[in-house]
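Reviewing the structure listed below.
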Amino acid sequence: MKIGVLTGGGDCPGLNAVIRAVVRKGSFHYGDQFVGFMEGWRGLLENITMPLDLATVGGILPRGGTILRTSRTNPSKHSDGLQRCAANLKQNGCDALIAIGGDDTLSVAQKLFTNGVKVVGVPKTIDNDLAGTDFTFGFDTAVNVATGAIDRVHTTAEAHNRVIVVEVMGRDSGWIASYSGIAGGADVILIPEVPFDIDEVAELIKQRHGRGRYFTIVVAAEGAKFAGTSEKPDDSETDEFGHARLGGIGLKLAGEIEKRTGFETRSVVLGHIQRGGSPSAFDRVLATRYGLGAIDMVHRGEFGRMAALRGNKIISIPLAEAIASNRKVDKEILDAATGILDRLEEKAAG
Ligand code: F6P
């Protein structure tokens, strides 16, 4: 078979490991040929391709980013976008397409599938918020980066008697904040799923310092929200999927905490450092397994579906299920994240 491959949306450590696994198993096992569509859906829309074979995937396993490059192009926003994608696949002689991406990329894959394109999806996002799969690759690497940063921030916060707010990625869900907060021993963890009361956060920090602790580490997901405000991020800069550019909650929080507690406070934004660099061993293995799962799905004719991890098995689920909702931090992790934190003591009445 001849198979097109693309990577869409924000990049993620492990993308190259997926591409490598697809091409190696496809070439060795099935005798497939491949076409790389570059820069996400833009490549398929505008027919920008690169050769994809055993030579091109040599040595890419430990490399971050994606050799196919990526973009947040949404074909539905371009005239005849979906039709042009289908036509370019045909023009390149492709029998099927493997689309590696998050909910945005996979929502386009689902549209193409309903338009007759034979497409298989692979779940990707450092945010770990895709429905239907236990983990997405890239998440473990991001958590390790964030945990390392929290460890470093700890020693300087302690040395200076400071509060330090660490802003991590997580647009709609707080998986990175929860995992790195637990692993790094954060004192306050703020996630999009649970809007926070800034007065309670400040009171908790004051109580903690009153008990003889002179520093505090706050981990906040970029999508964390102040309770009772409907404040939305500035949406003057949205991408083609309608997402506003986030960032800035850490700085805002630091100001509000310092104002309320009087403690010197700083903020650190980890940003794209979490997405860059070499994937962890866990992510290399997971990404490889997803790639192998995806090429097998193509040959089993399981189109309109996505490779998914359930327990320790790679299975296949409908793309429609994966894009139906955003996966929030589950109760077990929420309990673990809150169970180890200082609790706000009730003030005595009167
Ligand atoms: O891909 C998910 C994500 O990493 C979010 O956590 C973050 O809000 C967004 O991407 C940033 O996107 P960009 O790299 O386009 O600024």
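Every read-out reported here was derived from the displayed coordinates using simple, explicitly stated rules and does not represent laboratory data. Keep in mind it's a predicted model, so treat the numbers as computed, not measured. When we count neighbours, we look across all protein chains shown, and the Cβ atoms used for this are built from the backbone with ideal geometry, even at glycine.
Values computed for the structure shown
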item: Built amide H within the under 5 Å cut-off of residue 137, gap 5+; result: 125
item: Dipole magnitude (debye, nearest 20) for the chain, charges at Cβ of Lys, Arg, Asp, Glu; result: 940 debye
item: Approximate spin-label separation residue 160-residue 2, in nm, with each point projected 7 Å along Cα-to-Cβ; result: 5.9 nm
item: Inverse of mean 1/r across different Cα pairs in the chain, Kirkwood, Å; result: 21.2 Å
item: Cα-based Rg of region 35-144 normalised by 2.2 N^0.38 Å, two decimals; result: 1.09
item: Packing rank of 61-72, 332-343, 307-318, where each peptide gets the mean count of other beta carbons within 10 Å, highest leading; result: 61-72, 307-318, 332-343
item: Beta bridges per DSSP with both ends in the chain, % antiparallel, nearest 5; result: 25 percent
item: GluC sites (Glu not before Pro) within region 190-286, DSSP loop, no more than 11 other Cβ atoms inside 10 Å; result: 231, 237
item: Cα centroid of region 154-178 to Cα centroid of region 306-326, whole Å; result: 31 Å
item: Euclidean distance between Cα centres, region 250-270 to region 89-108, Å; result: 44 Å
item: Mean residue ellipticity (222 nm) of the chain, computed from DSSP H runs ≥ 4 via -39,500 (n - 2.57), nearest 500; result: -12000 deg cm²/dmol
item: Inter-label distance for residue 260 and residue 300, nm, one decimal - labels placed 7 Å from Cα along Cα-to-Cβ; result: 5.1 nm
item: Distance between region 184-209 and region 19-79 - C-alpha centres, whole angstrom; result: 43 Å
item: Binned Cα-Cα distances of region 105-188, short to long, each 5 Å bin given as a whole percent; result: 3, 14, 20, 16, 13, 10, 8, 6, 4, 3, 2, 1, 0
item: Check: region 139-276 dipole with +1 on Lys, Arg Cβ and -1 on Asp, Glu Cβ, in debye; result: 560 debye
item: Helix axis angle, 15-25 relative to the chain longest principal axis, alpha carbon, degrees; result: 30 degrees
item: Bridge type composition, region 139-276 - antiparallel percent by DSSP, nearest 5; result: 5 percent
